[in-house]
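Only one structure is covered here, and it is reproduced in the block below.
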Amino acid sequence: MQILMGGNPGEVAREDLGELYPWPVGQRWVRGMMVTTLDGAAHGSDNASGSISSTADKVIFNEARRLADAILIGANTMRVERYRPLKAKPEQQAARAAAGLRPAPVVVMISGRLDLPWDEPIFRESEFVPIVVTSETAAPDAVERAREHCEVVVLPGHKVDPGAVLDVLTDRGWNRIVCEGGPNLLGEIAAQGLLDEADISIAPLIVAGGQVVTGSGLDNPDRYRLAHVIEHEGFLFNRYISISD
């Protein structure tokens, strides 16, 4: 990997990535992550992001979430990507302890209907019990079933407000939040001016699988400045910071 802008030009070692993906101290910071192709697709023929990713993409992905408090995803992202359990990694414990973090991030899912794949190991084997946030319109029997597998947070309203979800996490002292999609969730957070950082990987692929849709167009879209660009084998890893931050 080599940095093209936003730092000293040249090769980037894995151990130096932490300096390129810092977390601000003493404030909530929402970091959005997404990979897209040249024709704007968020997935390949397998309907998942893995087929348009790369080894370097996974390395940067892991670094961006290494010192996070929480990983936030939508229900469809869980159904498609089938997240693996989030466990404490020995090689990360010193850095997490120094930052005042728990041994591993907790995964937080947003689901209105609570139709999640409850048999997945993530609900049984994660370091911390996953949290699922739903609205008060969720069916009572679905809520009871969900509580057999995870912690359930029920928010008022007919639809889960991502801003309210972020407030729930902040109230628990979790300020370092990585939102890994899907695109609609990222769009909703950005529409509220709550996305502080956007880490967008561009894959050198044209997959003809359809373009990313992140919701209705905004009259006043949030603007971002480019902090750095890293290149590896044609993939571009772009870190953007909201101009409001």
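The values are calculated or read from the model by the stated rules, or taken from the named source; none is laboratory data. The shown structure was predicted, so the numbers you read here are calculated from the model rather than taken from an experiment. Quick reminder, even Gly has a Cβ in these numbers, built from the backbone with ideal geometry, and neighbours come from all protein chains shown.
Contact annotation: residue pairs with Cβ atoms under 9 Å, 6 or more positions apart or on different chains, pairing a residue in segment 191-209 that is on the phi > 0 side of the Ramachandran plot and among the aliphatic types (A, V, I, L, M) with a partner that is at pLDDT below 95 and crowded, with 16+ Cβ neighbours inside 10 Å, are 208/41.
The set of residues from segment 153-192 being among the β-branched types (Val, Ile, Thr), outside any helix (DSSP H, G or I) and either outside the structural domain of residue 114 (by TED's automatic domain parsing) or surrounded by 16 or more Cβ atoms within 10 Å (Cβ to Cβ) (or both) comprises 153, 160, 177, 178.
Taking the options 103, 85, name whichever one is out of contact with any strand residue (DSSP E or B) (no Cβ under 8 Å at 6 or more places or on another chain), surrounded by fewer than 21 Cβ atoms within 10 Å (Cβ to Cβ) and farther than 30 Å from residue 138 by Cβ.
None of the other options fit; the residue is 103.
Restricted to segment 8-56, and to residues there that are surrounded by 16 or more Cβ atoms within 10 Å (Cβ to Cβ) and of a type in the set (Lys, Arg), the residue that is nearest to residue 206 (Cα to Cα) is 31. Name the pairs: first residue in segment 98-110 and in the same structural domain as residue 74 (by TED's automatic domain parsing), second residue among the charged types (D, E, K, R) and part of a strand (DSSP E or B), Cβ to Cβ under 8 Å, at least 6 apart or on different chains? Close Cβ pairs (under 8 Å, with a partner that is among the charged types (D, E, K, R) and part of a strand (DSSP E or B)) amount to 101/176.
Taking segment 6-39 as the range and being in a loop (DSSP other than H, G, I, E, B) and within 13 Å of residue 239 (Cβ to Cβ) as the test, the residues that pass are 6, 7, 12, 21, 22, 23. Are any of the residues in segment 126-134 among the hydrophobic types (A, V, I, L, M, F, W, C) and in contact with a helix residue (DSSP H, G or I) (Cβ under 6 Å, 6 or more places away or on another chain)? Checked segment 126-134: at least one residue is among the hydrophobic types (A, V, I, L, M, F, W, C) and in contact with a helix residue (DSSP H, G or I) (Cβ under 6 Å, 6 or more places away or on another chain). If we scan segment 171-185, do we find a residue that is within 28 Å of residue 125 (Cα to Cα) and β-branched (Val, Ile, Thr)? Yes, segment 171-185 has at least one match. If you check residue 241 against the conditions, is it within 18 Å of residue 22 (Cβ to Cβ), modelled with pLDDT of 95 or more and not in a helix (DSSP H, G or I)? For residue 241, the condition - within 18 Å of residue 22 (Cβ to Cβ), modelled with pLDDT of 95 or more and not in a helix (DSSP H, G or I) - is met. Looking only at residues of segment 1-42 that are among the charged types (D, E, K, R) and over 17 Å from the mean Cα position of the chain (by Cα), we find that the one that is nearest to residue 55 (Cα to Cα) is 14. Meeting the requirement of 3 or more residues that are at pLDDT below 95, out of contact with any Cys (no Cβ under 8 Å at 6 or more places or on another chain) and closer than 27 Å to residue 158 by Cβ, the helices (runs of 4 or more DSSP H) wholly within segment 40-141 are 75-81.
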